[in-house]
Each structure stands twice: as structure tokens, then as C-alpha cells.
1. Name the residue, out of L142, L149, that is modelled with pLDDT under 90, open to solvent by 50 Å² or more (accessible area, probe 1.4 Å), outside any helix (DSSP H, G or I) and among the hydrophobic types (A, V, I, L, M, F, W, C).
2. Would you point out which residue out of A210, A203 is surrounded by 10 or more Cβ atoms within 10 Å (Cβ to Cβ), at pLDDT 75 or above and touching a helix residue (DSSP H, G or I) at 6+ places or on another chain (Cβ under 8 Å)?
3. Considering only residues that are in contact with a strand residue (DSSP E or B) (Cβ under 7 Å, 6 or more places away or on another chain), not small (G, A, S) and not in a strand (DSSP E or B), which ones fall in segment 66-82?
4. Sort through A12, A22 and tell me the only one that's open to solvent by less than 50 Å² (accessible area, probe 1.4 Å), at pLDDT 50 or above and more than 17 Å from I98 (Cβ to Cβ).
5. Please specify each residue of segment 36-61 satisfying the condition of being touching a Ser or Thr at 6+ places or on another chain (Cβ under 9 Å) and charged (D, E, K, R).
6. Keeping to segment 91-123, report how many residues are over 17 Å from D48 (Cβ atoms) and either open to solvent by 60 Å² or more (accessible area, probe 1.4 Å) or within 28 Å of the chain's Cα centre (by Cα) (or both).
7. Give segment 43-65 a look and list any residue that's open to solvent by 30 Å² or more (accessible area, probe 1.4 Å) and under 19 Å from D101 (Cα atoms), or say none.
8. Residues E160, E123: which one is in contact with a helix residue (DSSP H, G or I) (Cβ under 7 Å, 6 or more places away or on another chain) and not in a strand (DSSP E or B)?
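The values are calculated or read from the model by the stated rules, or taken from the named source; none is laboratory data. Every value quoted in this text rests on a predicted model; they were computed, and no experiment measured them. Methodologically, a virtual Cβ is constructed for each residue, glycine included, from the backbone with ideal geometry; neighbour enumeration extends over all protein chains shown. Remember, those area values only see protein heavy atoms, side chains included, never the ligands or the DNA or RNA. Shrake-Rupley method; radii C 1.70, N 1.55, O 1.52, S 1.80 Å.
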Amino acid sequence: MGNRLNILLVFAFLFITHWLFAQVIEHQGKSIQQKDLVQFSGIVVTADSLRPVPYTHIVIKNSRWGTVAGYYGYFSFVAHLSDTVVFSAVGYKKSTYIIPDTLSLNRYSLIKAMTSDTIMLDETVIYPWPTKEQFKDAFVNLRVPDDDLERARRNLERAEIKERAENLSMDGSMNYKNFMYWQNYKNYYIGQTQPITVLDPFAWAQFFKAWKDGKFKRQ
């Protein structure tokens, strides 16, 4: 009975010792990793005008860790020392930056300039038919309704267009001048009483002249 108790105590002592040693190693490993961490922040701008580049993708190379810059080009995320950070945005050349490994602080700021890039796409021709032969056959054999075609021809006849132009009282220029005249007339009398034409002697003179000329007689 005593031997069994001694064996159990030895196993318990070994287990506790191993567990404490593992905790110390894990704590030291975390401390080393935390020393390598840095808060990487900055702003992404254009190289020519220093304007912010919104929604730039910022990713650590060979990993899925990163972030996306905001509307004003600002970004911030946690990275390790010596990490290679890849910057990419539509319309700009992809660029990289290596975080220095000699930093004494746990934060680092950067102003990243991006260079514009022109992307040339291959020409793409879209046809409503699978082949040119089918398109040619459909175009040649297309039947246009006679009534629609005849109606279009009548609307475009010179005699019809001339008759409509002669019956119009004012063209676009005259309508614009008339509209602007009444707008200016209203704006001129804003905040005051508009004149009454009944009391205008010039209006009465025009009335009597038109009366003498017989403009009010029935045709």
C-alpha cells in the first residue's frame, strides 16, 4: 500500500512539473511574439497629386491577413516586424513595403504613394447572332412593315416639314426670348406692386390707335 502511494506521488509530481514547465515556455513564446507585433498605420495617396486612394487592398504577403483602406486612404492593422505588405488598387500599380525590424516602438506610420497604371483590355466584339453568316441572313431577309416605313417617309417629306414650319407662330429662339422677357418682368417687380395697365396712358394710346386702324372689326 505504501509503495503504491509513493508511485502515485511521484507521478503527480512529474505531471505538475511538466505542466508548469509548459506554461513557462508558452508564456515566454507569447512574450517574444508580442515584442514582434507592431500597429501598422498610414495613408495611401497618389504619387502625382497626393490625393487619397480610397479602398486600397493592403495584405501581408503570403497570408490572408490585412485590411482595406477607407474612403480617405487611411488604414491601420497589426503586423509583425519584417513583414512584406502588398498594396493594390484598381488603376494603380501594385506596390510592396517591408516593415523595418529595428523598430523600438510598437507602432509605425507610413505615407504610401501609388503610381497610376493604364490597363489595356483586348477588343471584344459582341454579335446578337452566334455567327456572321446568321446575322447576314437575318439582315437581308428582314421584313420592315410597309405602314411604318410609309409613315416615316411622310413625316420626313420636305413639303410636310415646310408646312409645319410655316404654321408655327414662333421658333425656339423667339419662345426663349419671350420666356426670358416675362421672367425679367416678374423679377423687376418682386417686393412691390406691379403697374396697372388700365391707368397707363401709353396703353390707352395703343388701344385707340388699334381701334382707328380697325383691328377690332370682325373679319
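1. Result of the check over L142, L149: L142.
2. A203
3. Passing the criteria: Y72, L81.
4. Going through A12, A22 in turn, the sole match is A12.
5. Residues satisfying the conditions are D36, D48, K61.
6. 17
7. V59, K61, N62, S63, W65
8. E160
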